[in-house]
Amino acid sequence: MEFSYAAVEAAREVVRRYLPPTPMWSYPVLDRRAGATVLVKHENTQPVGAFKVRGGLTLLASLPDPQRGTVTYSTGNHAQSMAYASRVFGAPCTVVMPAAANPGKVAAIEAWGAEVVLTGDDLAAAEAHAVKLAEQTGARLVSPGDTPELLAGVGTVYQEILEARPDLDAIVVPIGSGSGAAAATVVAAVLAPGCAVIGVQSAASPAAHDAWREKTLVTRPNRTRVEGLATGRAFALPQHHLRDLADFRLVTDDQIAAAQRVLARDAHTLAEGAGAAALAAVLTDPDRFAGRTIAVVCTGGNASPAELADLAT
Ligand SMILES: *Cc1c(COP(=O)(O)O)cnc(C)c1O
């Protein structure tokens with residue numbers, strides 16, 4: 001498994017065929033609240049509501065035999081990305097999700113034409129089932145974390161950000177498997193070596209964080225409500241690159257929910273919890289970012305029914 005900036009350069013040619021660049025704005029009310037210039041990168045405006053679609057398209061474009069089909073496992077947005085890309089390429093796709101998956105995400109995945117299998121309590125159970133399905137059907141098993149083509153595709157987010165603003169002091173990136181943040185470190189090293197890449201995860205599901213700190217692949221219980229950050233285990237390929245993070249912060253689920261409300265009010269945008277985690281890290285550590293120019297990646301907007309209800313309170 002290898003991943004480098006050259007792969008992101010190649011992925012750009014694929015991604016730009018299918019997706020326009022996403023907007024990145026700042027909002028004066030948000031800047032005042034944060035005490036910093038905060039650029040919001042709106043990956044929640046992607047057709048599947050999350051940045052992962054860049055990785056799915058890049059992966060499908062790389063397959064010699066897309067008709068063989070793929071089977072993967074996901075808490076939702078990676079699955080939507082695979083379903084969307086498989087539809088674009090006319091390829092079969094099966095996704096295994098935990099039984100309690102967000103019903104909005106399940107409906108979207110089925111509407112893109114993929115088959116959904118709901119099973120087990122967590123992503124580990126879904127993974128075990130996906131491995132079995134791949135053996136039985138001959139479909140290609142796709143790991144959401146350890147697939148270089150996915151990192152290459154999601155790296156194009158950071159190309160867009162840093163080609164527009166190579167002067168940034170920091171980019172703050174929410175972490176689940178770590179694919180997005182790993183790609184961010186590789187892109188920043190080439191395009192903006194002075195820009196710190198800072199990761200964020202929920203303290204209630206800290207597998208990637210603890211693996212980064214302890215320098216070994218660990219599993220941790222998932223107690224977070226924030227589904228996009230709840231992988232329960234660390235992945236080897238992203239962890240290799242996460243060594244280059246400037247910092248890795250933990251935030252609480254309540255801090256994430258507060259940041260979702262701030263994005264709705266100040267930035268007129270709908271974020272799911274994972275999509276608000278980067279801003280949560282900024283708002284809970286104001287001294288660190290005071291006076292700086294930073295980007296927060298609003299990675300996704302697929303809020304669950306409970307999150308939508310919470311926004312209105
Ligand atoms: C998957 C996801 C993340 C975490 O990204 P990784 O590349 O798995 O670390 C963050 N936010 C949203 C909305 C996601 O779907």
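For the stretch 189-202, how many residues are of a type in the set (A, V, I, L, M) and under 17 Å from the mean Cα position of the chain (by Cα)? Of the residues in that region, 3 qualify.
For the stretch 182-209, filtering for residues that are over 14 Å from V8 (Cβ atoms) and not in a strand (DSSP E or B) leaves 10.
Of the residues L141, L150, only one is within 16 Å of the ligand (Cβ to nearest atom), under 17 Å from S86 (Cα atoms) and touching a residue at least 24 places away in the same chain (Cβ under 8 Å); which? Full working, then the answer.
Values: L141 fails: within 16 Å of the ligand (Cβ to nearest atom).
Among L141, L150, only L150 is within 16 Å of the ligand (Cβ to nearest atom), under 17 Å from S86 (Cα atoms) and touching a residue at least 24 places away in the same chain (Cβ under 8 Å).
Taking each residue of the stretch 262-286 that is at positive phi and looking for partners that are away from the ligand (no atom under 12 Å from the Cβ) with beta-carbon atoms closer than 8 Å, six or more apart or interchain, yields H268/Y27.
Within the stretch 291-305, identify whether any single residue is touching an Asp or Glu at 6+ places or on another chain (Cβ under 9 Å), in contact (Cβ under 8 Å) with a residue 40 or more places away in the chain, within 17 Å of I175 (Cβ to Cβ) and more than 16 Å from the ligand (Cβ to nearest atom), and answer yes or no. Within the stretch 291-305 (the criterion being touching an Asp or Glu at 6+ places or on another chain (Cβ under 9 Å), in contact (Cβ under 8 Å) with a residue 40 or more places away in the chain, within 17 Å of I175 (Cβ to Cβ) and more than 16 Å from the ligand (Cβ to nearest atom)), the answer is yes, since at least one residue qualifies. Answer yes or no: is there a residue in the stretch 236-245 that is in contact with an Asp or Glu (Cβ under 8 Å, 6 or more places away or on another chain), touching a residue at least 12 places away in the same chain (Cβ under 8 Å), surrounded by fewer than 24 Cβ atoms within 10 Å (Cβ to Cβ) and within 24 Å of T147 (Cβ to Cβ). Looking for residues that are in contact with an Asp or Glu (Cβ under 8 Å, 6 or more places away or on another chain), touching a residue at least 12 places away in the same chain (Cβ under 8 Å), surrounded by fewer than 24 Cβ atoms within 10 Å (Cβ to Cβ) and within 24 Å of T147 (Cβ to Cβ), one finds at least one in the stretch 236-245, hence yes. From the list A230, A276, A271, the lone residue that is in the same structural domain as T45 (by TED's automatic domain parsing), within 16 Å of the ligand (Cβ to nearest atom), under 17 Å from G104 (Cβ atoms) and at pLDDT below 95 is A230. Only one of the listed residues (P174, P221, P193) is closer than 20 Å to F289 by Cβ and either within 15 Å of the ligand (Cβ to nearest atom) or modelled with pLDDT under 95 (or both). That residue is P174.
Scanning the stretch 131-167 for residues that are crowded, with 22+ Cβ neighbours inside 10 Å and in a loop (DSSP other than H, G, I, E, B) turns up P144, T147.
Every residue, every condition in (1) over 17 Å from the mean Cα position of the chain (by Cα); (2) assigned to a loop (DSSP other than H, G, I, E, B), yes or no:
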{"residue": "A211", "(1), (2)": "yes, no"}
{"residue": "T216", "(1), (2)": "yes, yes"}
{"residue": "R223", "(1), (2)": "yes, yes"}
{"residue": "G228", "(1), (2)": "no, no"}
{"residue": "V262", "(1), (2)": "yes, no"}
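Taken over the stretch 13-27, the criterion of being in contact with a strand residue (DSSP E or B) (Cβ under 6 Å, 6 or more places away or on another chain) and free of Cβ contacts under 8 Å to residues at least 60 places away in the same chain is satisfied by P23, S26.
Do you know which residues across the stretch 82-110 are part of a helix (DSSP H, G or I) and farther than 17 Å from S304 by Cα? Please lay out each step first, then the result.
Narrowing the stretch 82-110 to residues part of a helix (DSSP H, G or I): 82-88, 103-110.
Matches in the stretch 82-110: M82, A83, Y84, A85, S86, R87, V88.
Report whether or not L63 is crowded, with 24+ Cβ neighbours inside 10 Å, farther than 30 Å from R288 by Cβ and either among the acidic types (D, E) or not assigned by TED's automatic domain parsing to the domain that holds G275 (or both). Give the derivation first.
Details: crowded, with 24+ Cβ neighbours inside 10 Å: no; farther than 30 Å from R288 by Cβ: yes; either among the acidic types (D, E) or not assigned by TED's automatic domain parsing to the domain that holds G275 (or both): yes.
When the stated conditions are applied, L63 does not pass them.
Looking at T72, T58, which is the one that is within 13 Å of the ligand (Cβ to nearest atom) and either out of contact with any Pro (no Cβ under 6 Å at 6 or more places or on another chain) or under 22 Å from A276 (Cβ atoms) (or both)? Sole residue among the options that is within 13 Å of the ligand (Cβ to nearest atom) and either out of contact with any Pro (no Cβ under 6 Å at 6 or more places or on another chain) or under 22 Å from A276 (Cβ atoms) (or both): T72.
The values are calculated or read from the model by the stated rules, or taken from the named source; none is laboratory data. Remember, predicted model here, so these are calculated numbers, not experimental data. Every residue, glycine as well, gets a Cβ built from its backbone with ideal geometry; the counts of neighbours run over all protein chains shown.
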